[in-house]
Amino acid sequence: MRWTSWLPRSRPRRLSVVGLDIGPEACSWVALSGSLSRLERVDCAQRLDLPDGLVGNGEVLQPEALGQWLRTFLDAGDYQPSQVFIGLDGASVSHHAVTLAAGLTPADVAFQLQAEVQSELPPEATEVCIDYTTDPGPAQAGEQKFQVQAAPRPQVDALQRVAQAAGLKARVIEPRDDAARRTTQRHALAALPPARVILALQHNEAFGLALRAWLDEGINFLPYRQDAQRALRRAWMLKVAVWAFGGALLAAGFAIGMGSAAESKHQHLGDAVASAREFDQAEKAHAQAKTAHERRAAQARWLKTRQDLQSHSLQWSRVLNQAAQGIWLSSVKQQGTRWTVQGEALSSSHVQQLVQQLKALDIWSQAPELPQLQLMPVVPSTGLPVWQFRIEADLKEGV
């Protein structure tokens, strides 16, 4: 006999996404849907007839207005996507090959690449958003090569505001050409009806953008690395809080249990041997509760120290970023509270100015010092001498 369960079955999670291509001549979009692991359907693919003044030459002129128009358009067609993948005109993207010292932390790599790329751009250029990959080619000992792409931050911010105004989560902002090449991976399209594939390929860039939901590789000018680090920190802090709460419950349970046992035994046992045993158990419970309390306090102090050090790191990293003109940093190291910066400068005044800016920060237990500052021979490639320097300091344990 076969029994049918009346319990509701869990429905598999599904993806419904939009690829939005904002090109120099036209804008188009493609909507795809499927399971988390498999593309199943092309819901729509068409060119967008936007009102005048929202977009010009591939650049968004009115982000909020464009996002609201897109929201109205989706509602009218009863489309309910949750994520949007947006294309950026390749003419706005610059490419850079950067070599750094090997062994840097991910945070130092991102900071140094940002500073290097910004220094290569003209002085009047706006701040850029970058993404990078490791160059697999050969490199000298102690060095690591990176391929970096950069896009103007105002354009990236405008595209994010479009997604926000449309009520969608922006997952990726990438070059349109990269998205178009993604449509050549025919194995990803095997599950789709040929007629729907042909329709979607008429809007190649938008189709490739939407495919990024299932083929997640390539450049992304959104701060996904920083978001991942923040998520890890939040998960760790939640785990610490759970441990602390569990310790408090354990201590309270011991105290209640010992109190109840003492009261019961006092009523029914009157001999000295039983009283001594109860006293010994109470002392053990007290010692365990005290140990749990001290462990929680130590964890709280450790977490506070790490948060303070992170706050300090944000302050000195902003100063180093502002001092990128005229200064090249070869390494930034922070081991506990000990902090060291090494690099080269066009003049000694650049280095002295950087030291004064760092000293103005209220984060040091020992203010920055300059134990090394020396003039090196003329560099053949530039014909200019450079100054090598090393700055050392000690961060505060806490504030």
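Where a number appears in this text, it was derived from the coordinates with a stated rule and is not lab data. Since we're looking at a predicted model, the values are computed, not measured. Methodologically, a virtual Cβ is constructed for each residue, glycine included, from the backbone with ideal geometry; neighbour enumeration extends over all protein chains shown.
Descriptive notes on the structure:
- Rounded to the nearest 20, the size of the Cβ-charge dipole of region 102-211 about its Cα centre is 780 debye, with Lys and Arg at +1 and Asp and Glu at -1.
- Alpha-carbon Rg/Rh ratio, for region 128-245, with Rh computed the Kirkwood way: 1.08
- Per-residue 3J(HN,Hα) values for region 222-232, derived from phi via the Karplus relation 6.51 cos²θ - 1.76 cosθ + 1.60 with θ = phi - 60°, read 7, x, 6, 5, 5, 5, 5, 5, 5, 5, 5 Hz in sequence order (x marks Gly and Pro).
- A protection proxy built from the mean count of other Cβ atoms within 10 Å ranks the segments 49-59, 347-357, most packed first, as 347-357, 49-59.
- Cα-based radius of gyration of region 25-162 once divided by 2.2 N^0.38 Å, which approximates compact folds: 1.35
- Scaling against 2.2 N^0.38 Å puts the C-alpha radius of gyration of region 177-250 at 1.85.
- Karplus (6.51, -1.76, 1.60) ³J(HN,Hα), θ = phi - 60°, over region 113-130, in Hz, Gly and Pro reported as x: 5, 4, 5, 5, 5, 4, 6, 7, 7, x, x, 7, 5, 6, 5, 10, 9, 10
- For region 5-92, the C-alpha radius of gyration sits at 1.34 times the compact-globule guess of 2.2 N^0.38 Å, with N the residue count.
- Theoretical FRET efficiency, 1/(1+(r/R0)^6), r = Cβ-Cβ of Arg295 and Leu232, R0 22 Å, to 0.05: 0.45
- Estimated inter-spin distance, Glu217 and Ser16, nm [label 7 Å along Cα→Cβ]: 3.0
- If the chain linking Val242 and Glu64 were pulled fully straight, counting 0.36 nm for each residue of separation and taking away their Cα-Cα distance, it would gain 60.0 nm.
- Positive contributions from Lys and Arg (+1) and negative ones from Asp and Glu (-1), summed over other residues with Cβ under 15 Å from the Cβ of Gly53, come out at -4.
- Point-charge dipole on Cβ atoms (K/R +1, D/E -1) for region 6-146, about Cα centre, debye to 20: 1080
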